[in-house]
Amino acid sequence: MSALSQAVAAWIAANPGLTWAVAFTVATAESIVVVGALVPGTPILLALGAAASLGHASLPGIVAAAVIGAVVGDGVSYWLGHRHRDRLRGGWPFVSRPALLARGEAFFARWGAAGVAFARFLPGVRAVVPVVAGMLGMRPAVFYVANVLSALVWAPLHVLPGAAVGWLAAWHLPADLDDLALPAIVACGVSVWLLHRVWQGRRRVRRVTNVRS
């Protein structure tokens, strides 16, 4: 169990009123270009779910905050694309990462409105597809239907597993070990996120190797 995990768990236990704000902020950041890649959203949301299951926060409140944050995050990205259109191609971050924009455009061209919903669950295109939808003139009503419906699925999928593990841990642990449950769950969440990032890195390396060969 790492010192970071213990610190996160202690902060959640000491600041239950701020857990909704954290859930909202993390879910919003996950949908912002580049920012989403820097924020360990999955382990944080898992930890918040675990905190709720152990009585440190409100589970419905955390899920609701994550849903709203996800909708706002995609909405901000869509607005940026709709507002600035092709000017984004020559600006940060796409000027230095043209492949990122190209990947999002290809995904959106293939899936259309459904792609806005699907992209939320795919790390490679999650943060760029809403921008592309705005750049290519997708109607706001269609965008927000896909945005809201996907957020209603995405948020519970990222919060409830942590809650389930927390409930199991609290049920099976002796009373004098209950204080260790939340740090352990946070540590598991961080480990899952790190393994996910390693797996993504291996896929990127394999893709580059295949292209060069």
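The values are calculated or read from the model by the stated rules, or taken from the named source; none is laboratory data. No experiment lies behind these values; they were computed from the predicted model shown. Using ideal geometry, Cβ is built from the backbone for each residue, glycine included, and neighbour counts are taken over all protein chains shown. SASA here: full protein model, heavy atoms, side chains in, ligands and nucleic acids out. Shrake-Rupley method; radii C 1.70, N 1.55, O 1.52, S 1.80 Å.
Run down 73, 55 and say which single residue is surrounded by 17 or more Cβ atoms within 10 Å (Cβ to Cβ) and closer than 30 Å to residue 165 by Cβ.
Values: 55 fails: surrounded by 17 or more Cβ atoms within 10 Å (Cβ to Cβ).
Only one candidate passes the filter, namely 73.
Checked against (1) surrounded by fewer than 17 Cβ atoms within 10 Å (Cβ to Cβ); (2) in contact (Cβ under 8 Å) with a residue 24 or more places away in the chain; (3) under 20 Å from residue 150 (Cα atoms), residue 112 meets all criteria but (2). The single condition among (1) of a type outside the set (Val, Ile, Thr); (2) under 30 Å from residue 137 (Cβ atoms); (3) within 21 Å of the chain's Cα centre (by Cα) that residue 106 does not meet is (3).
For residues that are among the hydrophobic types (A, V, I, L, M, F, W, C) and touching a Ser or Thr at 6+ places or on another chain (Cβ under 9 Å), tally how many sit in segment 76-94. Working first, answer last.
Here is the first cut: in segment 76-94, the ones among the hydrophobic types (A, V, I, L, M, F, W, C) are 76, 79-80, 88, 92, 94.
Within this subset, residues satisfying the condition of being touching a Ser or Thr at 6+ places or on another chain (Cβ under 9 Å) are 76.
Going through segment 76-94 one residue at a time, the tally reaches 1.
Residue 61 fulfils the conditions (1) touching a Phe, Trp or Tyr at 6+ places or on another chain (Cβ under 9 Å); (2) open to solvent by 40 Å² or more (accessible area, probe 1.4 Å); (3) farther than 25 Å from residue 138 by Cα except for a single criterion, (2). For segment 77-100, the set of residues classified as open to solvent by less than 60 Å² (accessible area, probe 1.4 Å) and among the hydrophobic types (A, V, I, L, M, F, W, C) consists of 88, 94, 100, listed by residue number.
Do we find a residue being in contact with a Pro (Cβ under 9 Å, 6 or more places away or on another chain), more than 24 Å from residue 20 (Cβ to Cβ) and of a type in the set (Lys, Arg) anywhere in segment 95-116? The answer is no; no qualifying residue exists. Scanning segment 115-146 for residues that are small (Gly, Ala, Ser), assigned to a loop (DSSP other than H, G, I, E, B) and buried (at least 23 other Cβ atoms within 10 Å of the Cβ) yields a count of 1.
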